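Just so it is clear, none of the values below were taken in a lab; they were calculated from the coordinates. All figures in this text were calculated on a predicted structure; none of them were measured in a lab. A quick note on method: Cβ atoms are made from the backbone with ideal geometry, for glycine too, and the neighbour counts reach across all protein chains shown.
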Amino acid sequence: MNLYHCMIELKDDAKALVFAAAVDNWMEHLRAAGVISDWRLLRRKMGLASDTYLDFLLEIEVENMAQFDRAFSYLGSGDEDAARKYEHMHQLIGARKIALYRPYPDAERVERMAII
């Protein structure tokens with residue numbers, strides 16, 4: 001499993017509940033298409049965070065890098081409904097920071113460490 005983390009700040013005129021509904025619509029579409037395994041949207045509580053953290057955290061789970069690649073390719077597939085759902089969500093985002101995480105130590109790394 002890999003986790004794609006997206007820290008998100010909305011545009012000034014965007015409404016948080018509209019954004020949450022748009023994320024739900026898009027992520028469930030991706031999950032139904034089989035290009036992501038799971039997802040969750042979190043919001044900073046009481047504004048408590050250091051300067052580098054944005055208001056929302058979207059975590060997207062993918063089983064492996066092949067599924068991750070399919071997720072990125074999905075929007076380019078020509079599916080107009082998917083493009084509309086993506087654009088509705090994306091137009092509300094003012095800033096974002098992304099990262100890809102994996103469990104650590106992972107099985108491959110542990111195995112290599114055992115061999116050495």
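For every other residue with a beta carbon closer than 13 angstrom to the beta carbon of Gly76, add +1 if it is Lys or Arg and -1 if Asp or Glu, then tell me the sum.
Numbers: positive: Arg70; negative: Asp69, Asp79, Glu80.
Summing Lys/Arg as +1 and Asp/Glu as -1 gives -2.
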(message) On C-alpha positions alone, give me the angle between the axis of helix 16-32 and the longest principal axis of the chain, in degrees, nearest 10.
(response) 50
(request) Would you compute, from DSSP H runs of 4+ residues alone, the mean residue ellipticity of the chain at 222 nm, taking -39500 (n - 2.57) per run and dividing by the full residue count, rounded to the nearest 500? (result) -12500 deg cm²/dmol
(request) Note the angle between two axes, namely the Cα long axis of helix 65-74 and the longest principal axis of the Cα atoms of the chain, as a number of degrees from 0 to 90, rounded to the nearest 10. (result) 20
(request) Based on the mean of other Cβ atoms within 10 Å per residue, sort peptides 60-71, 95-106, 8-19, 41-52 so the most packed one is first. (result) 60-71, 8-19, 95-106, 41-52
(request) Calculate how steeply helix 80-90 sits against the longest principal axis of the alpha-carbon atoms of the chain, using the helix alpha-carbon long axis, and give the answer as 0 to 90 degrees to the nearest 10. (result) 80
